[in-house]
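S.K.: Quick one: the structure is below, questions incoming.
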Amino acid sequence: MPVPGKILLVNNFRTRRILFFVLLLAAGLVTFRPGINAKMTGDAHMLIYHNPLVTMPGGILHIFQGDFCRGCGVDMPVNISTGFYRPLVNAVFWLEYRFAGTNDAVYNFDQILFHWACALMVFFFAARLLPEKPMLPFIAATLFALHPANAYAATRDVRSDLLCLLFYLGALIAYLRAFSPGAMPHKGSILLAIACYIGAILSKEMGVTLPAVLVMLHFRLRHAEGRPLREMLYTIPFWLLFAVYMAMRAILIPHGGESPYLAFYSSATLYINAIKNSAIYLLRYFLPLGAEYPTLLPKMVNFIDPSFTDPLLYLSLALLLLITGAALINIRCHPTAAFLTFFMLIAMTPLAVVTRITDIADINVLKAPERFMYIPSVPLLMLAALFLQNVWTRLRTDAAKKGAAVAGACAALFLGSQSNTHTVAINSDVAVLKSLYLFPQDRLTPKMRALRDCFYVQFVDIPKHRYADAEQRMADVLKNNPSMPIPYAELGFIYMETKRWELIPAVASQWNNLTPEDVYNLRKQNPTFQNEYLGVYHNFPFMLGMAAAHRGNARQAADLFCSALRRGFKEEQVISELRENYLLNGPPQCRTAADETLCIKNAAVPDLAEWRQPLDPGRCEDWKKFF
């Protein structure tokens, strides 16, 4: 007969768990709320809105047949081969598109829910790994959910990191369950772990590290629970799956993504410099400062140093050696801490070979995106949580425990506020501008100075109506960067603000209808051209449409506004300019009025269903029938 007190204890424990999960979700939604209404990245638009494999109902049948970006950007002037095989991510996008369509906010909200699900998996992993540490799961899940270094992954449409971690931790939890203390290996749990491993590697390449982590887990089981090392043989199916995955990937994606760095540096130089990122990644978790910038610790930038004299390189090497040595020393006396350390190091190994991802900064910087640490952050933050749990157990008085609880709540609030600030900064070009002013002039390359000047014009000169200064600044940028499309877009906006419509075609027409071959050739002159162009290419048809409208070409303007909409330009502005086009060239004929501005203000526009949100990109070619 069950003991009532025991039932009550279990129910209370389950209630506390459920309450914690609900509070964690609420905290996540409040913390990352600024990310919900943010515009998704250009990469996400290509993968979803401009990808027939996602938008077409039958596209799901072809998602597993090739490159991650197979099919994306079909109506864009780029040929993209990422060299990645992530069909599960595209499958999730396909499913989401069925109910979300082109509503960015839905995808952003889903992203936060995925992050919350990952935090729950961290909770269950910690509970399974160390059931005798009751507070560890709560601390680890809170640190993971609210840490600002995870804000990018939590809010910026990078499903690959989240899906991979969900399956990765699912495999670890199932594998731990298979080797419960005092029991024979449970084959059903091992099969579940294998299924989760397949999900992880089909979501992101970092999933391939799991078999090595499982090997280290067996050393932990040997020293912590006395299980025989021969049980390591159960990892063989995972290694075989790893080999099958690599072979299948080589067949389906015979050519990896092209690295723009290799035109300037040797592979050895890139790999050695990539080591410096390890210190940057780890310090961001222990010193989560600079949340108002796009990356934490924004002054820590990995400038490529072919001479290998950068002190950061040797600091990183020393740090890695110290961490590895500590794990080896403690593998017998502190097997769980040693396992978590090796888990972190193994999960970080793919980061040493990520040398082909660039942005619009310049080719002399190796990126260290915060989202790349999403999987390694789990063991790292669990180590921190384990330390805090041990501190708690050493507190003897109620007063000390109350003080520690208050300090913990304050720390959680600090992390949440930093994450909230960081979520805003991640989505802000103004934050990018501020970060470029952190470096001395001589440290910035010509491209970085050009980017800084472009953002300065956009966010300082134009809002303050300093059009002459802005125009001169962009002219100076173009002297040294003639193949950079961003300053041309800024000049177009300057001409729009000053109503010099006749000058817009000179700066916008050459960029409006580039072909993939054009983009390929321009990348030879400017290695970061593709990223720069995809950031502004939707602006060119819009400004050309405004110029056409103000010069009396109403039907041409309608076609150009349609093109801008299909490239992702804001619907509200497209609708506003469609109405202005009607006022200028329709029956009101405001273009020929004595006071054009007054005419536009007072004239009426018909309430057309075709010009109401949401606009239909597939039918916008019909707009010109109204002119």
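The values are calculated or read from the model by the stated rules, or taken from the named source; none is laboratory data. Bear in mind the structure is a predicted one, so any value in this text is a computation, not a measurement. Using ideal geometry, Cβ is built from the backbone for each residue, glycine included, and neighbour counts are taken over all protein chains shown. Just the protein is used for accessible areas: all its heavy atoms, side chains included, with ligands, DNA and RNA removed. Shrake-Rupley method; radii C 1.70, N 1.55, O 1.52, S 1.80 Å.
S.K.: Could you give me the residue pairs with C-beta distances under 9 Å whose first residue belongs to the stretch 206-231 and is among the acidic types (Asp, Glu), whose second residue is open to solvent by 30 Å² or more (accessible area, probe 1.4 Å) and part of a helix (DSSP H, G or I) wherever it lies, and which are 6+ apart or on separate chains?
M.R.: Hits for this filter: GLU231/ARG222.
S.K.: Output the number of residues of the stretch 391-445 satisfying the condition of being of a type in the set (Val, Ile, Thr) and within 30 Å of ARG156 (Cβ to Cβ).
M.R.: Summing the residues that are of a type in the set (Val, Ile, Thr) and within 30 Å of ARG156 (Cβ to Cβ) in the stretch 391-445 gives 7.
S.K.: Let me ask another. Only residues that are among the hydrophobic types (A, V, I, L, M, F, W, C) and touching a Phe, Trp or Tyr at 6+ places or on another chain (Cβ under 7 Å): list them for the stretch 526-542, please.
M.R.: PHE540, PHE542, listed by residue number.
S.K.: Checking the condition surrounded by 14 or more Cβ atoms within 10 Å (Cβ to Cβ), small (Gly, Ala, Ser) and closer than 26 Å to ASN427 by Cα, which residue from ALA38, ALA26 passes?
M.R.: Answer to the check: ALA38.
S.K.: PRO614 fails exactly one of the following numbered conditions: (1) open to solvent by less than 20 Å² (accessible area, probe 1.4 Å); (2) in contact (Cβ under 8 Å) with a residue 40 or more places away in the chain. What is the number of that condition?
M.R.: (1)
S.K.: Any chance the stretch 485-500 includes a residue that's open to solvent by less than 30 Å² (accessible area, probe 1.4 Å), farther than 30 Å from PRO288 by Cβ, among the hydroxyl-bearing types (Ser, Thr, Tyr) and part of a helix (DSSP H, G or I)?
M.R.: yes
S.K.: Out of the residues in the stretch 422-460 that are of a type in the set (Gly, Ala, Ser) and out of contact with any helix residue (DSSP H, G or I) (no Cβ under 8 Å at 6 or more places or on another chain), state the one that is modelled with the highest pLDDT.
M.R.: SER435
S.K.: Among the residues of the stretch 87-125, write down those that are touching a residue at least 60 places away in the same chain (Cβ under 8 Å), crowded, with 20+ Cβ neighbours inside 10 Å, out of contact with any Lys or Arg (no Cβ under 8 Å at 6 or more places or on another chain) and of a type in the set (S, T, N, Q).
M.R.: ASN108
S.K.: Going by the structure shown, is LEU351 assigned to a helix (DSSP H, G or I), within 30 Å of VAL432 (Cα to Cα), at pLDDT below 90 and open to solvent by less than 30 Å² (accessible area, probe 1.4 Å)?
M.R.: Yes; evaluated as a whole, the condition is true for this residue.
S.K.: Still on this model: I'd like to check something: does the stretch 137-149 contain any residue that is open to solvent by 10 Å² or more (accessible area, probe 1.4 Å), over 23 Å from ALA338 (Cα atoms) and in contact with a helix residue (DSSP H, G or I) (Cβ under 7 Å, 6 or more places away or on another chain)?
M.R.: yes
S.K.: Can you pull out the helices (runs of 4 or more DSSP H) entirely within the stretch 154-252 that have at least 1 residues that are modelled with pLDDT of 95 or more, crowded, with 20+ Cβ neighbours inside 10 Å and among the small types (Gly, Ala, Ser)?
M.R.: Helices (runs of 4 or more DSSP H) meeting the threshold: 159-178, 187-201.
S.K.: Of everything in the stretch 189-202, what is small (Gly, Ala, Ser) and under 9 Å from ALA174 (Cα atoms)? Give them in sequence order.
M.R.: Across the stretch 189-202, the qualifying residues are SER189, ALA193.
S.K.: Also, I was wondering about something else. Please count how many residues of the stretch 328-341 are in contact with a helix residue (DSSP H, G or I) (Cβ under 6 Å, 6 or more places away or on another chain) and over 15 Å from PHE387 (Cα atoms).
M.R.: Residues meeting the conditions: 2.
S.K.: For LEU598, state whether it is in a helix (DSSP H, G or I) and surrounded by 15 or more Cβ atoms within 10 Å (Cβ to Cβ).
M.R.: For LEU598, the condition - in a helix (DSSP H, G or I) and surrounded by 15 or more Cβ atoms within 10 Å (Cβ to Cβ) - is not met.
S.K.: Considering only residues that are under 19 Å from LEU143 (Cβ atoms) and either among the small types (Gly, Ala, Ser) or surrounded by fewer than 14 Cβ atoms within 10 Å (Cβ to Cβ) (or both), which ones fall in the stretch 379-394?
M.R.: Residues satisfying the conditions are ALA384, ALA385, PHE387, ASN390, VAL391, THR393.
Each row is one residue, and each column tells you yes or no for (1) part of a helix (DSSP H, G or I); (2) under 21 Å from the mean Cα position of the chain (by Cα).
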| residue | (1), (2) |
| --- | --- |
| PRO298 | no, yes |
| PHE308 | no, no |
| ALA337 | yes, no |
| VAL378 | yes, yes |
| LEU388 | yes, no |
